[in-house]
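Trainee: One structure is given below, represented as C-alpha coordinates, and several questions about it will come after.
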Amino acid sequence: PTEIYTGTTSSAASDVYKRQLIILLLLIISIFFMRRRQQKLKEANLKQQLFLSQMNPHFIFNALGSIQNYLYKNKPELTAGYLARFSYLMRSILNNSSKKSICLSEEIEILKNYIELEQMRLNNSFDYEIQYPDDMETDFIDIPPMMIQPFAENAIKHGLKEGKGDGRLTVMFKDKGEYLEVLITDNGVGIDASMKSKAPGHKSMALSIFNRRMQIYRKHSRKVPLPSIKDRSYAGLQGTEVELFLPVLN
(Lines give C-alpha, C1' and ligand atoms only; values in the text may rest on other atoms or scores of the structure.)
Protein backbone atom coordinates (compact mmCIF):
# COMPACT_ATOMS: atom_id res chain seq x y z
CA PRO A 1 0.00 0.00 0.00
CA THR A 2 1.04 3.52 -0.70
CA GLU A 3 2.23 5.42 2.40
CA ILE A 4 0.51 8.76 2.78
CA TYR A 5 2.41 11.54 4.68
CA THR A 6 -0.01 13.73 6.62
CA GLY A 7 2.50 16.08 8.29
CA THR A 8 1.18 15.26 11.80
CA THR A 9 4.66 14.94 13.32
CA SER A 10 5.78 18.28 11.88
CA SER A 11 2.62 19.98 13.17
CA ALA A 12 3.11 18.57 16.67
CA ALA A 13 6.72 19.73 16.72
CA SER A 14 5.59 23.16 15.57
CA ASP A 15 3.05 23.34 18.43
CA VAL A 16 5.70 22.36 20.98
CA TYR A 17 8.03 25.04 19.58
CA LYS A 18 5.27 27.66 19.80
CA ARG A 19 4.50 26.71 23.42
CA GLN A 20 8.18 26.93 24.33
CA LEU A 21 8.44 30.31 22.62
CA ILE A 22 5.38 31.63 24.49
CA ILE A 23 6.78 30.38 27.81
CA LEU A 24 10.12 32.01 27.04
CA LEU A 25 8.45 35.33 26.15
CA LEU A 26 6.34 35.23 29.31
CA LEU A 27 9.48 34.55 31.35
CA ILE A 28 11.31 37.49 29.75
CA ILE A 29 8.33 39.80 30.32
CA SER A 30 8.07 38.65 33.96
CA ILE A 31 11.77 39.30 34.56
CA PHE A 32 11.47 42.73 32.91
CA PHE A 33 8.54 43.80 35.10
CA MET A 34 10.16 42.31 38.20
CA ARG A 35 13.34 44.30 37.63
CA ARG A 36 11.33 47.41 36.85
CA ARG A 37 9.40 47.01 40.10
CA GLN A 38 12.64 46.47 42.04
CA GLN A 39 14.06 49.62 40.44
CA LYS A 40 10.98 51.64 41.43
CA LEU A 41 11.16 50.32 44.99
CA LYS A 42 14.83 51.23 45.11
CA GLU A 43 14.10 54.75 43.87
CA ALA A 44 11.22 55.12 46.35
CA ASN A 45 13.51 54.02 49.18
CA LEU A 46 16.14 56.52 48.12
CA LYS A 47 13.53 59.30 47.95
CA GLN A 48 12.47 58.44 51.49
CA GLN A 49 16.08 58.51 52.68
CA LEU A 50 16.62 61.79 50.85
CA PHE A 51 13.54 63.27 52.49
CA LEU A 52 14.68 62.11 55.94
CA SER A 53 18.20 63.47 55.36
CA GLN A 54 16.79 66.85 54.32
CA MET A 55 14.41 66.88 57.29
CA ASN A 56 17.42 66.59 59.60
CA PRO A 57 16.02 66.54 63.15
CA HIS A 58 19.06 68.45 64.46
CA PHE A 59 18.47 71.22 61.93
CA ILE A 60 14.76 71.42 62.79
CA PHE A 61 15.52 71.46 66.52
CA ASN A 62 18.14 74.20 66.03
CA ALA A 63 15.78 76.23 63.83
CA LEU A 64 12.96 76.06 66.40
CA GLY A 65 15.48 76.98 69.09
CA SER A 66 16.45 80.08 67.11
CA ILE A 67 12.79 81.10 66.75
CA GLN A 68 12.34 80.65 70.49
CA ASN A 69 15.47 82.71 71.16
CA TYR A 70 14.20 85.61 69.01
CA LEU A 71 10.88 85.50 70.86
CA TYR A 72 12.60 85.63 74.25
CA LYS A 73 14.61 88.63 73.11
CA ASN A 74 11.42 90.32 71.90
CA LYS A 75 12.55 90.58 68.28
CA PRO A 76 9.29 90.16 66.33
CA GLU A 77 10.73 91.15 62.93
CA LEU A 78 13.58 88.65 63.15
CA THR A 79 11.18 86.01 64.44
CA ALA A 80 8.75 86.58 61.57
CA GLY A 81 11.54 86.60 58.97
CA TYR A 82 13.14 83.43 60.28
CA LEU A 83 9.81 81.63 60.58
CA ALA A 84 8.86 82.61 57.01
CA ARG A 85 12.16 81.25 55.65
CA PHE A 86 11.86 78.09 57.71
CA SER A 87 8.29 77.48 56.49
CA TYR A 88 9.34 78.04 52.87
CA LEU A 89 12.19 75.55 53.21
CA MET A 90 10.00 72.86 54.77
CA ARG A 91 7.34 73.35 52.07
CA SER A 92 10.00 73.15 49.33
CA ILE A 93 11.41 69.91 50.75
CA LEU A 94 7.94 68.35 50.96
CA ASN A 95 7.07 69.42 47.41
CA ASN A 96 10.33 68.44 45.74
CA SER A 97 11.17 65.17 47.50
CA SER A 98 8.82 63.32 45.12
CA LYS A 99 9.88 65.12 41.93
CA LYS A 100 12.23 63.62 39.39
CA SER A 101 13.66 66.99 38.37
CA ILE A 102 13.68 70.65 39.32
CA CYS A 103 14.84 73.74 37.44
CA LEU A 104 18.19 75.13 38.55
CA SER A 105 16.74 78.53 39.47
CA GLU A 106 14.38 76.91 41.99
CA GLU A 107 17.16 74.72 43.39
CA ILE A 108 19.29 77.85 43.88
CA GLU A 109 16.45 79.61 45.73
CA ILE A 110 16.05 76.65 48.09
CA LEU A 111 19.80 76.57 48.65
CA LYS A 112 19.93 80.32 49.37
CA ASN A 113 17.04 80.03 51.80
CA TYR A 114 18.72 77.20 53.70
CA ILE A 115 22.10 78.97 53.89
CA GLU A 116 20.52 82.23 55.09
CA LEU A 117 18.64 80.37 57.80
CA GLU A 118 21.94 78.95 59.03
CA GLN A 119 23.55 82.39 58.77
CA MET A 120 20.89 83.85 61.06
CA ARG A 121 21.14 80.94 63.48
CA LEU A 122 24.93 81.27 63.73
CA ASN A 123 24.84 85.07 64.19
CA ASN A 124 26.25 85.78 60.71
CA SER A 125 29.54 84.06 61.52
CA PHE A 126 30.05 83.32 57.81
CA ASP A 127 29.28 84.85 54.42
CA TYR A 128 28.24 83.01 51.30
CA GLU A 129 28.19 83.49 47.54
CA ILE A 130 26.45 81.61 44.75
CA GLN A 131 28.07 82.11 41.36
CA TYR A 132 27.03 81.22 37.81
CA PRO A 133 27.56 82.86 34.40
CA ASP A 134 25.22 85.70 33.46
CA ASP A 135 24.17 83.86 30.30
CA MET A 136 23.29 80.61 32.11
CA GLU A 137 19.55 79.98 31.60
CA THR A 138 18.80 78.62 35.05
CA ASP A 139 15.04 78.45 34.37
CA PHE A 140 15.61 75.97 31.54
CA ILE A 141 18.18 73.65 33.12
CA ASP A 142 16.54 70.71 34.92
CA ILE A 143 18.54 68.69 37.44
CA PRO A 144 17.72 66.08 40.13
CA PRO A 145 16.23 67.85 43.17
CA MET A 146 17.97 68.46 46.49
CA MET A 147 21.38 67.09 45.57
CA ILE A 148 23.40 70.13 46.65
CA GLN A 149 21.98 71.24 50.02
CA PRO A 150 23.38 68.27 52.05
CA PHE A 151 26.92 69.24 51.00
CA ALA A 152 26.33 72.88 51.91
CA GLU A 153 25.03 71.62 55.25
CA ASN A 154 28.21 69.57 55.78
CA ALA A 155 30.37 72.61 54.97
CA ILE A 156 28.53 74.73 57.55
CA LYS A 157 28.18 72.02 60.18
CA HIS A 158 31.72 70.63 60.05
CA GLY A 159 33.76 73.43 58.55
CA LEU A 160 32.26 76.82 59.38
CA LYS A 161 30.28 76.30 62.57
CA GLU A 162 33.19 77.15 64.88
CA GLY A 163 34.26 80.17 62.81
CA LYS A 164 35.01 83.57 64.32
CA GLY A 165 33.05 85.63 61.85
CA ASP A 166 35.34 85.27 58.86
CA GLY A 167 33.88 82.07 57.42
CA ARG A 168 33.02 81.88 53.74
CA LEU A 169 30.98 79.43 51.70
CA THR A 170 30.99 79.54 47.90
CA VAL A 171 28.80 77.55 45.50
CA MET A 172 29.73 77.81 41.83
CA PHE A 173 27.80 76.40 38.85
CA LYS A 174 29.19 75.63 35.40
CA ASP A 175 27.13 74.32 32.48
CA LYS A 176 28.97 71.44 30.80
CA GLY A 177 26.21 70.49 28.35
CA GLU A 178 25.18 67.00 29.37
CA TYR A 179 25.89 67.71 33.00
CA LEU A 180 26.22 70.54 35.48
CA GLU A 181 29.42 71.05 37.48
CA VAL A 182 28.89 72.29 41.06
CA LEU A 183 31.87 73.42 43.10
CA ILE A 184 31.26 73.92 46.83
CA THR A 185 34.14 75.42 48.81
CA ASP A 186 34.57 76.71 52.34
CA ASN A 187 37.47 78.15 54.33
CA GLY A 188 36.76 76.09 57.46
CA VAL A 189 38.93 73.56 59.26
CA GLY A 190 39.21 71.27 56.23
CA ILE A 191 37.98 67.74 55.73
CA ASP A 192 41.23 66.16 56.97
CA ALA A 193 40.98 67.84 60.38
CA SER A 194 37.22 67.26 60.51
CA MET A 195 37.58 63.52 59.86
CA LYS A 196 40.11 63.17 62.68
CA SER A 197 37.48 64.28 65.18
CA LYS A 198 34.96 61.69 63.98
CA ALA A 199 34.65 58.04 64.96
CA PRO A 200 36.67 55.56 62.87
CA GLY A 201 34.72 54.25 59.89
CA HIS A 202 32.36 57.23 59.83
CA LYS A 203 30.66 57.69 56.46
CA SER A 204 28.87 60.78 55.22
CA MET A 205 25.14 60.10 54.86
CA ALA A 206 24.91 62.90 52.29
CA LEU A 207 27.63 61.38 50.10
CA SER A 208 26.19 57.88 50.48
CA ILE A 209 22.70 58.94 49.34
CA PHE A 210 24.18 61.11 46.58
CA ASN A 211 26.21 58.19 45.19
CA ARG A 212 23.25 55.81 45.29
CA ARG A 213 21.00 58.30 43.52
CA MET A 214 23.68 58.94 40.93
CA GLN A 215 23.93 55.21 40.21
CA ILE A 216 20.36 55.43 38.92
CA TYR A 217 20.98 58.57 36.85
CA ARG A 218 24.31 57.30 35.53
CA LYS A 219 22.53 54.44 33.75
CA HIS A 220 21.16 57.06 31.38
CA SER A 221 24.00 59.61 31.66
CA ARG A 222 27.17 57.57 31.73
CA LYS A 223 29.36 60.56 30.86
CA VAL A 224 28.62 62.25 34.19
CA PRO A 225 31.88 62.15 36.25
CA LEU A 226 32.08 60.94 39.82
CA PRO A 227 32.11 63.49 42.68
CA SER A 228 35.26 64.40 44.58
CA ILE A 229 35.86 65.79 48.07
CA LYS A 230 39.29 67.03 49.08
CA ASP A 231 41.06 69.23 51.56
CA ARG A 232 42.06 72.58 50.05
CA SER A 233 45.53 72.27 51.56
CA TYR A 234 46.56 70.75 48.21
CA ALA A 235 46.34 74.30 46.82
CA GLY A 236 47.84 75.96 49.86
CA LEU A 237 44.39 77.05 51.08
CA GLN A 238 42.25 76.31 54.12
CA GLY A 239 38.97 74.44 54.02
CA THR A 240 37.24 71.80 51.91
CA GLU A 241 36.40 71.56 48.22
CA VAL A 242 33.50 69.45 46.96
CA GLU A 243 33.04 68.92 43.23
CA LEU A 244 29.72 67.50 42.12
CA PHE A 245 28.47 66.64 38.64
CA LEU A 246 24.71 66.53 38.11
CA PRO A 247 23.00 65.22 34.96
CA VAL A 248 20.98 67.76 32.97
CA LEU A 249 17.60 66.05 32.60
CA ASN A 250 15.72 68.22 30.11
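Trainee: For residue 192 and residue 15, calculate 0.36 nm times their separation in residues minus their Cα-Cα distance, and state this gained length in nm to one decimal. Mind dumping the intermediate values first?
Mentor: Details: separation 177, 0.36 × 177 = 63.72 nm, distance 6.91 nm.
Gain on stretching residue 192 to residue 15: 56.8 nm.
Trainee: Between the alpha-carbon centers of region 82-129 and region 214-233, tell me the distance in whole angstrom.
Mentor: Taking the Cα centre of region 214-233 as reference, the centre of region 82-129 is 23 Å away.
Trainee: Another question, then. Which FRET efficiency value, to the nearest 0.05, is calculated for residue 216 and residue 34 with the Förster distance at 22 angstrom and r the Cβ-Cβ distance?
Mentor: The value I calculate is 0.80.
Trainee: Could you tell me what percent of the accessible area of region 65-145 is made up of carbon and sulfur, with a 1.4 Å probe and every protein chain present? If you can, show how the numbers build up before the last one.
Mentor: Numbers: 2040 of 4360 Å².
Accessible surface attributable to carbon and sulfur in region 65-145 totals 47 percent.
Trainee: While we're on this one: When the dipole is taken about the Cα centre of region 97-250, and only Lys, Arg (+1) and Asp, Glu (-1) are charged at their Cβ, what size is it in debye, to the nearest 20?
Mentor: Working: 21 positive and 23 negative charges, 211 e Å.
My answer is approximately 1020 debye.
Trainee: If you don't mind, there's one more thing I want to ask. What length, rounded to one decimal in nm, is gained on full extension from residue 87 through to residue 134, with 0.36 nm per residue of separation minus their alpha-carbon distance? Please report the intermediate quantities before stating the final value.
Mentor: Working: separation 47, 0.36 × 47 = 16.92 nm, distance 2.97 nm.
Stretched fully, the residue 87-residue 134 segment lengthens by 13.9 nm.
The values are calculated or read from the model by the stated rules, or taken from the named source; none is laboratory data. Just so it is clear, the structure is predicted and the values come from calculations on it, not from any experiment. Don't worry about glycine lacking a Cβ; one is built from the backbone with ideal geometry, like all the others, and counts go over all protein chains shown. Only protein heavy atoms, including side chains, enter the accessible area calculation; ligands, DNA and RNA are left aside. Shrake-Rupley method; radii C 1.70, N 1.55, O 1.52, S 1.80 Å.
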